[in-house]
Structures are given as structure tokens and as C-alpha cells.
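Data block below; observations after.
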Amino acid sequence: MRLVLISLAASLVAATPALANEARVEARGGIVWNSTDSEEIAGVAAGYDFDLGETAFAGGEVSADKLLTDGTKVTFGFAARAGAKIGEAGKLYGIGGYNTENCDGCEGAWSLGAGYQHSFGKFYAKAEYRHFFPDNALFTDTDAAIIGLGVKF
């Protein structure tokens, strides 16, 4: 009887659809630009997405990014994202958050953007755009386009 119950439980678990609840880590890079300049950027991020049913998700993300130029420092980001699951492997989302200053004398910045993430089994690739709104009006708004490669857990 015990063997029958264990077999039944195992078959139910195997038949249950996968949930979107997942942790992820990624390496990423791209370009940041404003009205006068552009610079390359590289960084890492980690996040967790919560399943909100069959077609939606929401999650959080922390990141550490560095402009690849002298005189800048690592900026730390804290963001939330929410969106729609597209098919079996896609996620289309909006993202917003806050990033700390990237140089001495600079200000932190709020951001809003959008992105698409596509899964390849345990791995994924993503493309994302963000617009940054600095805390201080003396600094110009900035845009960023990044691509990321990561693994899900």
C-alpha cells in the first residue's frame, strides 16, 4: 500500500505544471548614453520571480554595475519587475527601481524600463532598456540598453 501511495504521489508531482517561482543570477553588459556622451557598462544581477498565475509574474532584483571608464565606481541597484509570461519560455516585463551614485559628487537615480527574457532550459538571455531620472536636476537624464545571460534555479 505504501508503494502505491508513493507511486501515486510521484506521478502527481510529475504531472504538475512548472511554476514561475525561480531565483536567477546573471552577467550583463551594454551601453549607457545621454545627450552628450555614451559609455559601456558591465555588471551582475540576482533576482527572484513569483508566479502570479499562468500568465503573469512579479519579482525583485539587486544588481551591481560599473561604467567601464575611469573615475566611476560600482553602482548598486534595487528594482522590482512585473510582467506577462509569453509562451513556454518568454517573459515580457516592466521594471523600475533605484541605483546608487556611480561617481563621487554624482547622485543616485530612479529608473523605469522594459525588457524581454527568454529561457533555454535552466539558462536565459534578456534584453532590457531603462531610462534613469537623477535625484538632482543638475545631472542629465540617462538611458541604458543591456543584454544579460544567466541561469535560473
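The values are calculated or read from the model by the stated rules, or taken from the named source; none is laboratory data. Just so it is clear, the model here is predicted, and its values are computed rather than measured. Glycine gets a Cβ as well: all are built from the backbone with ideal geometry, and neighbour counts include every protein chain shown.
If you go through the range 1-52 and keep only what is at pLDDT 95 or above and either over 26 Å from F78 (Cα atoms) or among the β-branched types (V, I, T) (or both), you end up with V25, I31, V32, I41, V44. Being exposed (fewer than 14 other Cβ atoms within 10 Å of the Cβ) and touching a Ser or Thr at 6+ places or on another chain (Cβ under 8 Å) is a description that does not apply to A109. Pick from the range 95-113 the residues that are modelled with pLDDT of 95 or more and more than 12 Å from F78 (Cβ to Cβ): which of them is farthest from the chain's Cα centre (by Cα)? The extreme case among them is L112. The residue list K122, K85, K91, K73 contains one member that is closer than 26 Å to E22 by Cβ, loosely packed, with under 15 Cβ neighbours inside 10 Å, in contact with a strand residue (DSSP E or B) (Cβ under 9 Å, 6 or more places away or on another chain) and among the basic types (K, R), which is K122. Of the listed requirements (1) closer than 15 Å to E22 by Cα; (2) buried (at least 16 other Cβ atoms within 10 Å of the Cβ); (3) among the basic types (K, R), R130 misses just one: (1).
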